[in-house]
Amino acid sequence: MTDSAIVLAEGDSHFPPGIHSFDFADWFSGLSDTALAHMFTTLTFAVWATVAILIAFFLWAYRKPQIVPTKKQWLAETAYGFIRNTVAIDLMGKKDGVRFAPYLATLFLFILFMNFWAIVPGIQISPNAHIAFPATLAVLSWAIYMWIGIKQHGLVKFFKMTCVPPGAPGFIYPLLIPIEFLQNIILRPVTLALRLFANMFAGHLILLVFILGGFEMLNSGNLLIQGLSVFSFAMGIAMTFFELIVILLQAYVFTLLTGMYIQGSLADEH
């Protein structure tokens, strides 16, 4: 439950989920009156904890690597190998796939762990439910896509390959070129960020509706409504399992699309 939801639960008998459900109080007293206001919140903790967990896990797993992997080494290699084999190598071939696998695997695991906070009791929100985090990741992937394409083909040829559809009649180019430019250059990071953000945002709201709704029904004072709260909590549990599927799927989709964009920038023809 978010900080604001707790405040509403204590101070008001009605607290429907809304934009306030994404506001978090500063963790340290006095920060609200300084330039560091909203710098250390639940979301800040989730981001830094994700980074710390990933770094600690891989350092621990590869502390003493062996030819016959230990369980921890096998787990780390499986996580990395999954993205390397199913995304990087499958899309780009072995040479380029191995080259970009570290970035794609890091991206996948970072998004996955960030999403996972959405179902952790006491946190119950993913930092990706705030548009700033998906937007930053999308801009980073877009910058890599643009840099690789320009480096591989040169600025003019890359934009020609990206914005001029081959085989189209010349008279339709004035219409197609702006559409292709908008779709392939401008909107790619936007759609990449919005897809992840919208799914995590909606998931957080759905969980709030059923969980906070269950508490509201319990506090209603009506025996029948209190009994029906069981169904609200049951739906909250069911939606938590559904959210777990979304967590995995969205991390994979974001990584897969990033891999597709990089592959497109490497290809000689689109």
Check whether at least one residue in the range 34-50 is at pLDDT 85 or above and over 22 Å from the mean Cα position of the chain (by Cα), and report yes or no. no
Of the numbered conditions (1) in contact with a helix residue (DSSP H, G or I) (Cβ under 7 Å, 6 or more places away or on another chain); (2) touching a residue at least 60 places away in the same chain (Cβ under 8 Å), M146 satisfies every one except a single condition; which is it? (1)
Which residue pairs have Cβ atoms under 7 Å apart, sit 6 or more places apart or on different chains, and have a first residue in the range 163-192 that is surrounded by 11 or more Cβ atoms within 10 Å (Cβ to Cβ) and a second that is at pLDDT below 90 and polar (S, T, N, Q)? C163/N184; E180/T162; N184/T162; I185/T162
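The values are calculated or read from the model by the stated rules, or taken from the named source; none is laboratory data. For clarity, every value in this text was computed on a predicted model and none was experimentally measured. Every residue, glycine among them, receives a Cβ derived from its backbone with ideal geometry; neighbour counts consider all protein chains shown.
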